[in-house]
Structure formats: structure tokens, C-alpha cells
Amino acid sequence: MTMPTPKCPWRMQVHHIRQETPDVWTLSLLCHDYYPYRAGQYALVSIRNSAGQLRAYTLSSTPGVSEYLTLTIRRLDGGAGSGWLTQEVKRGDYLWLSDAQGDFTCDNQRNDKLLLLAAGCGVTPVMSMRRWLAKYRPQADVQVIFSVRSPEDVIFADEWQQYPVTLVAEHNATEGFLAGRLTPEILRRVPDLASRTVMTCGPAPYMEQVEKEVRALGVTQFFKEKFFTPVAEAATSGLRFTKLEPAKTFFAPVGTTLLEAFESNKIAVNAACRAGVCGSCKTQVVSGEYQINSTMTLTAQEIADGYVLACSCHPQSDLVLA
Ligand code: FES
């Protein structure tokens, strides 16, 4: 079986699959070589083992603790990657993964007081780090608040019984759950909140709200996972984008990335890492002004030909795109 893309050189075999909640599954993978990663990191997965489609998923397992490498994935309606991984991939199949990536990890935090805040599938790096902290920093004081839609949506429900955790359910809260959403009142009950390092992962609006609330309560050390990005409404004015093939004109506000401009206008684009690392969002700009903060994976010739990474490209004028 040949590697579909040099970006995903790690071949893994699916050992077993476990359903966590009605729409979330954990795939346990065997890697025959040593695969280096850090708790909380993610990998790109080659969808359908093809070069063109890469998606980023958190490695929900924990190095030095978990028996298997695991991916925990929510099935999204119409999600090409999550649909394939959760509904079609079977035990014994092979997947191809990239090197582990990302800096949302706790192994470089000096503070022994942490507050981990997760919502929905954002709990995957949080559980990875929670296990890591239990094994390698047993003295650490770790508080976790995990928000879900309803009690049946608690991912890793059995495993959470080993760790102190506050569960918050928006609907149908039963015994053991606080009802509603995460509020400043719930946050205020966390001992020594202001002196803790706070790390959060979940949908972007949740992380933004959490950031505002904990900062208002005096938290200064705050980290959030970055690859969950909201898709904005399509703009009707601002910078103008003229796409030649297929022909289309669309708009996006000044200050958005080219990737955000594509996504808000429903222009097909692959975006796996959203951080200028994987190269999947490569796009050619024919004319116009832009600033870039990453050219990783692009060759000198491609840069000379106007190729950019859409996630790392900040348009400064109207653009014409190939
Ligand atoms: S999405 Fe990975 S480089 Fe843009």
C-alpha cells in the first residue's frame, strides 16, 4: 500500500472502534513504528487514503499511557472526513497520518494549578492532557469543567469517573450535572482561579466566551486550541475576490484570511491544519496585494508563481485568483 501523500507518512491499522456517544466514535490504531507525539496534539489524516483530502483530528490518546493511538471523531452532517472515518472505516483497515502537530499541550506548562475547560468534542485534547498530568505530574492540582449538550453526549464517560470533573449539561441535566451553560458563577467556584493556567478547547464561540469570562475573573495564563474556526456569513462588500476558474466573484471584510473568505462564500477549499503547516489550502493568486505569515510546504517556484497558503494569507487589496 503506497503512501497517498508525503504529508501523511505514518501508516496505522485500525485495531478496534468504540462508539462513545450517539455521534462520536474512537478509532484505536496500531502503529508498527514509534510515533512521537505530545498530549493534546493533532494529526492530519488522509481521507480515503487520497492525496487531495486532509483533515485534522486530535490524538485523543496519551503518550506513555494509552495502549493504542486513538482518534476520537464526531460525525458531522456532510463531513467528508468524519463520515468516512466514523461510518465506513472498519477494523483492520489502514489510515495514513501526518506527524503530530500543534502546540496545545500541557507538558511545557510550569504551573501546577490548571483549569481545563472543554465543550463537546473539544474534550479530546483535554482528556489526553488529563491522563498525561495524572501520570507525569501527579502533584498537579487539575480542575476540569466539561460542557455537553445533554448527559448522553459525555465523551469518555467511564474514564471521567477516575478524575475530578464538573459536568455541565445544556439540556436534560440529570444527577451529577449542572444545568445550563458554563457561567461566571461556575467559574468563580474554582479555587484559586486567577492563579491557574487555563486551557480550553471547543467550538470557537465557546472559547471566545470562556476567554472573556476567565480574563474578567483575573486569569492571565490562558491557552486555547486554534483549529476550530467559525465560518462567518458571506459579505456583500469589502475586498473583492475574482476567481477565474470556475468564474466567481465574492467579497470578504478587510482583515479576514483568504481561507475565511473562501469558507464564508462556500468556495471549495481543503484546510486541515489552518496554521500554515500542512499545505492543503494552497491557492494561486494572479494579482493583488497580500501579506503571508507562512510559506511552509511551498517551493520557491510556487511562491514566485503566486501560490499562497490561504489560511496564512491576509489580503491587502482586491485579489484575482486562478
Ligand atoms: S490549512 Fe494547512 S496550510 Fe493552510
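Read-outs: derived from the displayed coordinates by stated rules, not from any lab. Everything numeric here is computed off the predicted structure, so don't read it as measured data. Cβ atoms come from the backbone with ideal geometry, glycine included; neighbour counts cover every protein chain shown.
Summary table
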quantity: Amide H contacts under 5 Å for residue 54, placed H, 5+ residues apart; calculated: 47
quantity: Once the Cα gyration tensor of the stretch 10-97 is diagonalised, semi-axes √(5λ) in Å; calculated: 19, 15, 12
quantity: The chain: angle of helix 123-136 to the longest principal axis, Cα-based, in degrees nearest 10; calculated: 50
quantity: Candidate aspartates and glutamates - alpha carbon under 17 Å from residue 243, same-chain residues fewer than 8 apart omitted; calculated: 260, 263, 289, 305, 318
quantity: Mean Cβ neighbour count within 10 Å, used as a protection proxy, ranking 254-261, 82-89 highest first; calculated: 254-261, 82-89
quantity: Members of 7/224; 7/90; 113/212; 135/282; 90/212 lying beyond 31 Å, as alpha-carbon distances in this model show; calculated: 135/282; 90/212
quantity: The stretch 194-322, relative contact order in percent, only Cα pairs under 8 angstrom and at least six apart counted; calculated: 23
quantity: Gain on full stretching of the segment that runs from residue 269 to residue 186 - 0.36 nm per residue minus C-alpha separation; calculated: 25.9 nm
quantity: For the stretch 113-224: relative contact order, % (alpha-carbon pairs under 8 angstrom, 6 or more apart); calculated: 30
quantity: Computed over the chain: relative contact order in percent, which uses C-alpha pairs under 8 Å that are six or more apart; calculated: 14
